[in-house]
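Remarks on the structure that follows.
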Amino acid sequence: MVWPAALAIALATGVAGCVTVPTSGHVQAVSITQGGASQSQDYLQPIPAPPGRDWSARQIVSGFLAANASFASNHAVAREYLTASASRNWRPGWEVTVFKNLDVPPQPALPRLSRRPASTTVVPVSGLVLGSLSNSGQYAISSAGHAVTRERFVLVKVGGQWRISGLPPRLLLTDADFHRVYQSRNLYFFDPAMQVLVPDPVYVPQEATPTDLVTRLVQALEDPPTGWLSSAARTGFPAHTKANVALDGGTAIVNLGGAAAGATEARLRQISAQLLWTLAGSTSDQPAIRSVELEVNGTPWTLGGSGSPVQQIGLYGNYVPSAPSHASFYYADGRGAVHALSDTAQGNTPQGTPVPGQAGTGQIPLTEAAVSPDRRYVAGLAAGGTAIYTGTLTQGGVLTQRLTGSFTSLSWDSHDDLWAAGNGGVWMVPAGGGAAVRVAGALPAGDRVTALKVAPDGVRCAMIVTSGAGSQLMLAAIIRAGQQAYLGPPVPISSENFTALTWYDADHVIALSQTSHGPVLDEVAVNGELLSPVPAEQGTVSITADGSAGPLVAGLSNGQMVMLASLGGLWSGVVGTGSDPAYPG
């Protein structure tokens, strides 16, 4: 393996500009050649500095904070700052607390009680926490607002040199260091029916080699998902599977042993789908895996028993957890009748087509409409959100009142169940009949769901949750048990005061907020990354999307609707008159 250094950039400070480390480390871009094939890749990896002789306790802590960003050889250099006992007990894994900055303040002079020099001291560290990363790689934004968190390091003299004997169990990184040494990836797991792949967004450390990183991603698929998806998704890997990974250019060779040796053809196909989407379906190009060769006990496996054992992601396109493309969106006109309008409509104010059945007549006026993904069912809110109606989209379809109260949001899932926010909680209304049920969940008492959208995979739900401290955009898993459904523990991904949202693709939602300067749209990654602004039309009060290939449609406060063909484009003129446009879902 060749490791020529392509670039070295000196770090001016060790801790986000707050504390200068006497001998700073470097960030080095490394070009890597794999398996005799040309696969040049650049990795920004910190090269940390070991502790200097006679450093003060404060310098030791500052140097450690700079060095713990390096994962090389299990944080080998960072461990040089620790006592032998502390090093043995320090097992941070992937867990990180991410700070906006880290401050190691000067230590105050203490009154001398003895002529003997101190052999123990405590160095505090503080900073504004932005979020945290679990050991399974899942990122959650901080729910503590703008509170400053304080940590402490205990140091002792070892051979006349300060060393850390007590420290926090997880890594402490500034936001800049975190994004330098971690990269965003998706693990893919199956829905409970083993039909659809569900992305589980994680951050993984950029290890010393691409093989290390790919190996850890594959190992993460061997067990069921952890964290917020733990009860709602499954892996295709049989329990006690053993996987070995090698790279040959852009191909990952994954050799399965253990329980996977007796897997059926269908199970091996599921394993291949998980591997390809996890390794080749990522937006990251580090490493650039384009294909997978699956082996079972060293023997190459081919899909269907023929052809090349090297598989491309296109073979498993039907597993993609994205919404089907729809030609039309739906809205309620001024009389409360539900209409469909093509998203390619031209003209100043084109008229949509009334949907079949009672919903298209306006006999029961609806102010917000939702159509199921298979376009079999329609639902709507009565004026003021005081009642929910559902019906079939057929010529003889009638609307039936299903719930009364105060509701704000509707969303269909892939099982033809309607989800609604209101009446102090979240409700599920089976389209085929049966009583509406209040969905149990893990939200604290007093928190209120003001908007929700179920993802096309039917496993994830994005919600705007409002409490006394403001609102947060949160993700939760949908857990089904017979006719009942539950929401798993929610994970916050943004603390902006959003008012509406829509799924954009499997990895992003588009969320709307209202500010003193007008409406603001943001593309929000479900892994908790920074927001990406999207141009907003003045007066926008609602938003809907149908995948990244289709246009966004916005409902305006004046009762008109406009389109945005692409996130970087310009909004169209008025395409119709109606309220709360919504694609199926």
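Would you please name the residue that is surrounded by the fewest Cβ atoms within 10 Å (Cβ to Cβ), looking only at residues in region 546-585 that are of a type in the set (Ser, Thr, Tyr), over 24 Å from residue 385 (Cβ atoms) and within 24 Å of the chain's Cα centre (by Cα)? Here the answer is 566.
All conditions in (1) among the aliphatic types (A, V, I, L, M); (2) surrounded by fewer than 22 Cβ atoms within 10 Å (Cβ to Cβ); (3) not in a loop (DSSP other than H, G, I, E, B) hold for residue 172, with the sole exception of (2). For beta carbons closer than 6 Å, sequence separation of 6+ or different chains, a first residue in region 112-135 that is in a strand (DSSP E or B) and a second that is open to solvent by 70 Å² or more (accessible area, probe 1.4 Å) and at pLDDT below 90, the qualifying pairs are 126/148; 128/148. Number of residues in region 202-222 that are open to solvent by 10 Å² or more (accessible area, probe 1.4 Å) and either free of Cβ contacts under 8 Å to residues at least 40 places away in the same chain or not charged (D, E, K, R) (or both): the value is 10.
Kindly list the number of the only condition in (1) at pLDDT below 85; (2) open to solvent by 60 Å² or more (accessible area, probe 1.4 Å); (3) part of a loop (DSSP other than H, G, I, E, B) that fails for residue 72. Among (1) at pLDDT below 85; (2) open to solvent by 60 Å² or more (accessible area, probe 1.4 Å); (3) part of a loop (DSSP other than H, G, I, E, B), residue 72 violates only (2). Against the criterion of being in contact with a Phe, Trp or Tyr (Cβ under 7 Å, 6 or more places away or on another chain) and either open to solvent by less than 40 Å² (accessible area, probe 1.4 Å) or in a helix (DSSP H, G or I) (or both), residue 225 qualifies. For region 491-585, the strands (runs of 3 or more DSSP E) that sit wholly inside it and include 2 or more residues that are aliphatic (A, V, I, L, M) and at pLDDT 90 or above are 498-505, 508-515, 518-525, 540-544, 552-556, 560-564.
Within region 505-515, the set of residues being over 16 Å from residue 555 (Cα atoms), without any contact (Cβ under 8 Å) to a residue 60 or more places away in the chain and not β-branched (Val, Ile, Thr) comprises just one member, 508. I want to confirm something. Restricting to region 253-272 and keeping residues that are part of a strand (DSSP E or B) and not β-branched (Val, Ile, Thr), which single residue is farthest from residue 240 (Cα to Cα)? Among those residues, the one meeting the criterion is 255. Among the residues of region 152-169, the one identified as under 20 Å from residue 100 (Cβ atoms) and open to solvent by 50 Å² or more (accessible area, probe 1.4 Å) is 152. Among the residues of region 484-506, just one is within 19 Å of residue 564 (Cβ to Cβ) and among the charged types (D, E, K, R), namely 505. Taking the criterion of being part of a strand (DSSP E or B) and over 25 Å from residue 583 (Cβ atoms), the residues of region 481-490 that qualify are 481, 484, 486. A count restricted to region 47-69 and to residues that are open to solvent by 10 Å² or more (accessible area, probe 1.4 Å) and on the phi < 0 side of the Ramachandran plot stands at 12. Within region 457-473, the set of residues being open to solvent by 20 Å² or more (accessible area, probe 1.4 Å) and among the aliphatic types (A, V, I, L, M) comprises 469 only. Pairing residues of region 393-407 that are under 18 Å from residue 355 (Cα atoms) and in a loop (DSSP other than H, G, I, E, B) with residues that are among the aliphatic types (A, V, I, L, M) and open to solvent by 30 Å² or more (accessible area, probe 1.4 Å), at Cβ distances under 8 Å and at least 6 apart in sequence or on separate chains, gives 399/364.
The values are calculated or read from the model by the stated rules, or taken from the named source; none is laboratory data. No experiment lies behind these values; they were computed from the predicted model shown. Reconstructed Cβ throughout: ideal geometry from the backbone, glycine too, with neighbour counts over all protein chains shown. Side chains are part of the model used for accessible areas, which takes the heavy atoms of the whole protein and leaves out ligands, DNA and RNA. Shrake-Rupley method; radii C 1.70, N 1.55, O 1.52, S 1.80 Å.
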